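Enquirer: One structure, pasted below without further comment.
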Amino acid sequence: MPGPMPNDAQAARPVVLSAGQYRRRVRREAEQALVSLPAAIPTLRLDIRYATARNFMGEALYATAAAYLRRPAAEALAAAQHELATHGLGLLVFDAYRPYRTTVRMWDKIQNETYAAPPWRGSRHNRGCSVDVGLVALATGRPVPMPTDFDDFTPAAHADYEPVPPDARHYRTLLRTVLAHHGFQNYPGEWWHFDFHRWAEFDLLDVAFEELE
């Protein structure tokens, strides 16, 4: 179902920083930096679906399989990874920072605010403060059961959907509990989506991964 249409005020393009503006901001405030998650947390695993055609768009949206978060969010995610390791588990990252231009392409495709942020608001992914994650077993490196696959646009993907198999419920609850310990709030419409609690302190960005490297 399409999301609500914006009024004239909503339709205005929000403030979105370019690569040059982002770099100037980082020089003034180190916390604004986007940090590579594989560099900051070498033990996590990546499954960046938007760097492949294995996603709801059916095409690669990223030129490279990369994952970035703002520095405070990356540090909090590292602490969550350390806690999960005590359970024999680790994070599997599907997506993190997302350039604004990609959010616009997604909205043009789906136009449903449950699953995509409209361009007149932008996404917390664009702020470098959202991460889409599952879990893997450290002993095998394989994903553990979850209620659905990533980017499943059905009610079964909702954070509290029931019924689900007991093992999927266990891992879903553990993921949400551990990330909440470290300042990440789960989005009710997607069991995999978590927003860092300080997201409002960071501007929307339209900086390609290549410009970060």
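Enquirer: Of all residues in segment 28-55 being out of contact with any Lys or Arg (no Cβ under 9 Å at 6 or more places or on another chain), of a type in the set (A, V, I, L, M) and not in a loop (DSSP other than H, G, I, E, B), which is farthest from L17 (Cα to Cα)?
Expert: Of everything passing the filter in segment 28-55, L46 is farthest from L17 (Cα to Cα).
Enquirer: Next question, about the same structure. Among residues belonging to segment 61-87 that are in a loop (DSSP other than H, G, I, E, B) and of a type in the set (A, V, I, L, M), point out the one that is farthest from A39 (Cα to Cα).
Expert: Once the filter is applied, the top-ranked residue is L61.
Enquirer: Same structure again: Scanning for something modelled with pLDDT under 95, closer than 17 Å to Y187 by Cβ and among the polar types (S, T, N, Q), does segment 121-140 turn up at least one residue?
Expert: No, every residue in segment 121-140 fails to be modelled with pLDDT under 95, closer than 17 Å to Y187 by Cβ and among the polar types (S, T, N, Q).
Enquirer: Out of all the residues in segment 16-30, is one or more of a type in the set (K, R), crowded, with 19+ Cβ neighbours inside 10 Å and at pLDDT 95 or above?
Expert: no
Enquirer: Would you confirm whether any residue within segment 185-200 is part of a helix (DSSP H, G or I) and at pLDDT 95 or above?
Expert: So far as segment 185-200 goes, yes, one or more of its residues are part of a helix (DSSP H, G or I) and at pLDDT 95 or above.
Enquirer: Also: Any idea which residue in segment 118-155 is farthest from L89 (Cα to Cα), counting only those that are open to solvent by 10 Å² or more (accessible area, probe 1.4 Å) and part of a strand (DSSP E or B)?
Expert: Ranking the candidates gives P143 first.
Enquirer: In segment 41-70, how many are more than 18 Å from G141 (Cβ to Cβ), buried (at least 18 other Cβ atoms within 10 Å of the Cβ) and not aromatic (F, W, Y)?
Expert: 6
Enquirer: Across segment 156-179, which residue is surrounded by the most Cβ atoms within 10 Å (Cβ to Cβ) among those that are small (G, A, S) and part of a helix (DSSP H, G or I)?
Expert: Restricting to residues being small (G, A, S) and part of a helix (DSSP H, G or I), the top hit is A157.
Enquirer: Related question: Output the residues belonging to segment 88-117 that are farther than 15 Å from R13 by Cα and assigned to a loop (DSSP other than H, G, I, E, B).
Expert: G88, A96, Y97, R98, Q111, N112, E113, T114, Y115, A116, listed by residue number.
Enquirer: Cβ-Cβ below 6 Å, separation at least six or inter-chain, first residue in segment 180-208 and without any contact (Cβ under 8 Å) to a residue 60 or more places away in the chain and open to solvent by 20 Å² or more (accessible area, probe 1.4 Å), second assigned to a strand (DSSP E or B) and among the aromatic types (F, W, Y): which pairs?
Expert: So the pair list comes out as N186/F194.
The values are calculated or read from the model by the stated rules, or taken from the named source; none is laboratory data. It should be emphasised that the depicted structure is a prediction, and the values quoted were computed from it without experimental measurement. Neighbour counts are summed over all protein chains in view; Cβ atoms, including those assigned to glycine, are modelled from backbone coordinates with ideal geometry. These area figures cover heavy atoms from the full protein model, side chains too; ligands, DNA and RNA do not enter into them. Shrake-Rupley method; radii C 1.70, N 1.55, O 1.52, S 1.80 Å.
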